[in-house]
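The values are calculated or read from the model by the stated rules, or taken from the named source; none is laboratory data. Since this is a predicted model, take the numbers as computed values, not measurements. Every residue, glycine as well, gets a Cβ built from its backbone with ideal geometry; the counts of neighbours run over all protein chains shown.
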Amino acid sequence: MKPYKTAGRERLLEFLSRNPDQHFTAEEICIAVHGATARQSSVYRHLSELCTRDVVRKFRDEETAKTRYQYVGERCDCRNHFHAKCLRCGKLEHLDCGDSVEFAGHLLAEHGFSVDCGQSILYGVCARCRAAGGLA
């Protein structure tokens with residue numbers, strides 16, 4: 001079934017696609033897209049549809065115990081790579097390389113642990129924040 005192309009859905013997609021390295025709660029998205037007149041029910045409906053189509057990634061932020069959403073685009077396969085979150089700036093990056101799959105395979109073969117790569121987040125400090133802070 002083809003999704004409806006409403007103005008609200010298009011504004012939501014535009015906002016998320018301009019911020020692919022950030023993640024937001026539904027409430028933050030509502031405010032960013034609709035301002036003070038947040039239309040939460042339509043935003044939740046659109047987010048659900050976009051998650052089903054793997055255009056938006058949904059995950060639970062364990063630090064805040066809130067559900068967060070991130071734009072991944074039409075061609076990103078989050079199920080096959082890890083993610084890295086900067087503890088300083090909050091940027092969430094896709095580690096889209098063969099090493100993620102290789103490491104997941106190692107964990108399964110050597111430790112009997114099956115990793116859900118799409119739900120995995122490694123925490124650390126990104127290159128930009130390390131450079132800004134004078135860290136190597």
*Which one is farthest from the chain's Cα centre (by Cα), of the residues in region 107-127 that are surrounded by 12 or more Cβ atoms within 10 Å (Cβ to Cβ) and within 30 Å of VAL43 (Cα to Cα)?*
CYS117
*State whether the residues of region 97-104 include one that is charged (D, E, K, R) and surrounded by 15 or more Cβ atoms within 10 Å (Cβ to Cβ).*
no
_Pairs needed: first member in region 74-100, more than 17 Å from SER114 (Cβ to Cβ); second member anywhere, modelled with pLDDT of 80 or more and assigned to a helix (DSSP H, G or I); C-beta distance under 6 Å; at least 6 residues apart or different chains._
CYS86/CYS129; ARG88/CYS129; CYS89/CYS129
